[in-house]
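Report on the following structure.
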Amino acid sequence: MDKIVIEGGKPLYGDVRISGAKNAALPVMASALLTEGTNTFHNIPDLVDIKTIKKLLINMGVQIDGDETCRINADKITHCDAPYDLVKTMRASILVLGPLVARMGVARVSLPGGCAIGARPVNLHLKALEDMGAHVELNSGYIEARAKKLKGADIYFDLQTVTGTENIMMAATLAHGTTVLNNAAREPEVVNLAEVLKGMGAKISGAGTDVITITGVTSLKPAEASIIPDRIEAGTFMIAAGMTRGEINIIGCNPQHLESLINKLRDTGMKITPIKNGLKVSAGKKITSVDVKTLPYPGFPTDLQAQIMAYMAIGGGLSVISETVFENRFMHVSELLRMGADIVIQGGNAIVRGVPKLHGAQTMATDLRASASLVLAALVAEGTTEISRVYHIDRGYETIEKKFSALGADIKRVK
């Protein structure tokens, strides 16, 4: 099993190009199930999760060609099921449910990642499909859904759910009548998917707001589209510039997608200025501790909570980081403590007292974003840090060690 080894203490300088967003690419690739013909999608990142959804689609009889530019043809869907072996490593596999029911009238999808039905709002997907006329059952760990023809409905999500919004938006494109999604997610990835669907001929309005209206059509045509840049990858490198006391040009990012982070990083003393096709991010004279509360977009992203906690671990005072989006999102704390951080968990809050320096240690990644926080901490730690179970980071960061190495970090992957 691979591990990443980092010798800390080097400021980072230079340019880093941001890859396409995993969380945008996955639903866009799933949307190809809605059409006959070949869809062409550009800026697809080279990640483990992308390989997983490719395997999932191929298992259904879909033809796929290409990597960064990916051509997907779903003329013939031979299987309408997503087996556990392919779904267990990626919750986003649930995104095939809506398109399959809409086009084929049937779907059998394993519960993602073996999660309890209430732990993530998968139940919101199912209730919405039932409201649209589908018959939904849970059998032996599988979601089984059937509908001769989905019907438009007024859907209200009790919680904002990104994958739920995307799943039901895709399903509604081929439904009979009009569907209104209330309390819809507003993330840029949702807007990216809506634009792709509109390119296929879907009738969608309101994407980017909390009310999305979809009027169903009889069929969709294949489209050509590009995936938006990964705002979480961009944010991770922005934080790295501040932590290592360096200066990085973030090339290919969309600053509008990063406003909540930009405002928070400026409060810490960092300098952030627009440049052609990106942002210049520079460390301030000192690190001012700030409080952070994660919220659905356009609030501070939960997927950057672990990274900014690593930053605040070397801040100049006391920081309170509140996690309101996902439970169990503080698993990185125990590993940061091994590196000398001063963090206390109180319910949904992490009390972080900045320390003068962190120390290299043997650590273990527990999830995707936790692994990114450990890389950031290791870049500034005194001595050597080893991070094991880095398959987590490969799910969401494209060649992270190569990108950091090009900026001057002493980082390598060890087989």
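The values are calculated or read from the model by the stated rules, or taken from the named source; none is laboratory data. Quick caveat, the model's predicted, so the values are computed rather than measured. Note: ideal-geometry Cβ built from the backbone for every residue, glycine included; neighbour counts use all protein chains shown.
Given the condition charged (D, E, K, R), under 17 Å from Thr236 (Cα atoms) and crowded, with 16+ Cβ neighbours inside 10 Å, answer yes or no: does some residue in region 316-328 qualify? No: region 316-328 contains no residue that is charged (D, E, K, R), under 17 Å from Thr236 (Cα atoms) and crowded, with 16+ Cβ neighbours inside 10 Å. Close contacts from region 149-163, counting a first residue that is assigned by TED's automatic domain parsing to the domain that holds Thr215 and farther than 12 Å from Val211 by Cβ and a second that is surrounded by fewer than 20 Cβ atoms within 10 Å (Cβ to Cβ) and among the small types (Gly, Ala, Ser), with Cβ to Cβ under 6 Å and a gap of 6+ residues or different chains, come to Leu150/Gly133; Lys151/Gly133; Lys151/Gly177; Gly152/Gly177. Just so you know, in region 63-82 the residues that are in contact with a helix residue (DSSP H, G or I) (Cβ under 7 Å, 6 or more places away or on another chain) and in a loop (DSSP other than H, G, I, E, B) include one that is surrounded by the most Cβ atoms within 10 Å (Cβ to Cβ), and it is Ala74.
Rundown of residues vs (1) in contact with a Pro (Cβ under 6 Å, 6 or more places away or on another chain); (2) farther than 17 Å from Ser405 by Cβ; (3) of a type in the set (A, V, I, L, M, F, W, C), yes/no style:
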site: Met1; (1), (2), (3): no, yes, yes
site: Asp15; (1), (2), (3): no, no, no
site: Asn23; (1), (2), (3): no, yes, no
site: Ser31; (1), (2), (3): no, yes, no
site: Thr40; (1), (2), (3): no, yes, no
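I'd like the full set of residues that are closer than 21 Å to Val380 by Cβ, among the aliphatic types (A, V, I, L, M) and either within 22 Å of the chain's Cα centre (by Cα) or surrounded by fewer than 18 Cβ atoms within 10 Å (Cβ to Cβ) (or both), limited to region 282-310. Listed by number, the residues that qualify are Val292, Leu304, Ala306, Ile308, Met309, Ala310.
For the residues Tyr297, Tyr311, Tyr397, the requirement of being among the aromatic types (Phe, Trp, Tyr) and in a helix (DSSP H, G or I) singles out Tyr311. The number of residues in region 18-49 being surrounded by fewer than 22 Cβ atoms within 10 Å (Cβ to Cβ) and either outside any loop (DSSP other than H, G, I, E, B) or of a type in the set (Lys, Arg) (or both) comes to 5. In region 236-249, the residues that are assigned to a helix (DSSP H, G or I) form Cβ pairs under 6 Å with partners that are aromatic (Phe, Trp, Tyr), at six or more places apart or across chains, as follows: Ile239/Tyr311; Met243/Tyr311.
Just to check your reading of the model, which residue among Leu337, Leu376, Leu407 is modelled with pLDDT of 95 or more, in contact with a Ser or Thr (Cβ under 8 Å, 6 or more places away or on another chain) and not small (Gly, Ala, Ser)? Being modelled with pLDDT of 95 or more, in contact with a Ser or Thr (Cβ under 8 Å, 6 or more places away or on another chain) and not small (Gly, Ala, Ser) holds for just one of Leu337, Leu376, Leu407, which is Leu376. Within region 30-44, residues that are of a type in the set (Phe, Trp, Tyr) sit with their Cβ atoms under 6 Å from residues that are crowded, with 20+ Cβ neighbours inside 10 Å and part of a helix (DSSP H, G or I), at 6+ positions apart or across chains, in these pairs: Phe41/Val28. Restricted to region 68-92, and to residues that are over 19 Å from the mean Cα position of the chain (by Cα) and acidic (Asp, Glu), which residue is modelled with the lowest pLDDT? Per the stated criteria, the residue is Asp85.
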